[in-house]
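See below for the structure under consideration.
The values are calculated or read from the model by the stated rules, or taken from the named source; none is laboratory data. Predicted, not measured: the structure shown is a model, and the values here were computed from it. Reconstructed Cβ throughout: ideal geometry from the backbone, glycine too, with neighbour counts over all protein chains shown. Areas reflect the complete protein model, heavy atoms only, side chains present, ligands, DNA and RNA absent. Shrake-Rupley method; radii C 1.70, N 1.55, O 1.52, S 1.80 Å.
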Amino acid sequence: MTATIPARRALRENAAPVAGGSTGRIAWLALPALVFFVAFAVVPLVGVLLLSFTNWDGIGAITPAGFANWASVLVDPDMLHALGLTLLVMVLSWLVQTPMSLLLGVFTAGTQKYRTVLAVLYFLPLLLSSAAIAVAYKALLDPNFGLGAGLGLPFLSQDWLGNPQLAFGVVIFVIAWQFIPFHTLIYQGGVRQIPRSIYEAAEIDGAGRVKQFFLITIPQLKYTIITSSTLMTVGALTYFDLIFVLTGGGPANATRILPLDMYLLGFRANLMGPASVIAVILVVIGLALALFLQRLGGKDNSASQLEGM
């Protein structure tokens, strides 16, 4: 016992400079990423914040406006309507995409050969751009020469994108069709990281597949669910190109969510000040959501769930 104390002290004295040097090297390695983050994220964000206190049409001189843009935007009923639609898209997207992505992720994480073929076909939407998907669905849902008219099905021949209620539902459906494969891929990776020994012990105890899913799979995927939910909800604040091509925000502003409202104000109405206010609001909402979801994971959300790690 007494012989090991000097040995341990010597080990700590020798190890201390190595640990400090390693930390320093890691800091230097992170420097390029930090420079790019400041140049392409922090500087533009500060620029947009400053622009929100000015009057600018995108071409002429920039003049100070004080808090006038903020006062006008925060009481604008159209902006409040767009904010409500954005939050509704966020909630509905999460409610639709999360259960389906979770179930499909568990299904595609299996070892059967046919699942591999299905998974490859299923992930095809990930290869397509949002604009291409919007153009395709716009043609398929056209009441005159779309899928319904071609197949002679009256149910599909409705004016899906001309009716406000139907158009909003179509937007939710197309968003889910595009992004469920991505989140399925996340859950598939999470399921494959769960130690097989846990399921084997549950089988010995007589637990069936359903019980294993609720008592093992979902708790083990806690941090995967938080990660996917963060990407899903914060990503809902960036839906622009798909809705812009699919509906243009119509009919009757039924699909004019906040990112689209920001674009139309800034680049159609040439009101860069109010558009910058909306951009800042989107950033604040995104940061608050991401922080809230990370808090749900607890203080150990960065710890590994794998055995022995």
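Computed quantities for the displayed model
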| read-out | value |
| --- | --- |
| Estimated [θ] at 222 nm from DSSP helical runs (n ≥ 4, -39500 (n - 2.57)) normalised by residues in the chain, nearest 500 | -21000 deg cm²/dmol |
| Per-residue SASA entry for residue 72, accessible area with 1.4 Å probe, Å² rounded to 10 | 60 |
| Largest-first ordering by accessible area, 1.4 Å probe, given options 67, 37, 123 | 67, 37, 123 |
| 133, 62, ranked by accessible area, largest first (probe 1.4 Å) | 62, 133 |
| Region 74-137 and region 223-297: distance between their alpha carbon centers, rounded to Å | 15 |
| Degrees separating the helix 222-235 axis from the principal Cα axis of the chain, which is the longest one | 30 |
| The chain, dipole about Cα centre (Lys/Arg Cβ +1, Asp/Glu Cβ -1), debye to the nearest 20 | 1020 |
| Spin-label model distance (nm) - residue 50 vs residue 120, 7 Å beyond Cα toward Cβ | 5.3 |
| Between helix 130-140 and the chain: long-axis angle, C-alpha atoms, 0 to 90°, nearest 10 | 50 |
| Å² of accessible area per residue within the chain, as computed with a 1.4 Å probe and no ligands counted | 59 |
| ³J(HN,Hα), Karplus 6.51/-1.76/1.60, whole Hz, each residue of region 151-165, x for Gly, Pro | 8, x, 9, x, 4, 7, 8, 5, 7, 4, 9, x, 9, x, 5 |
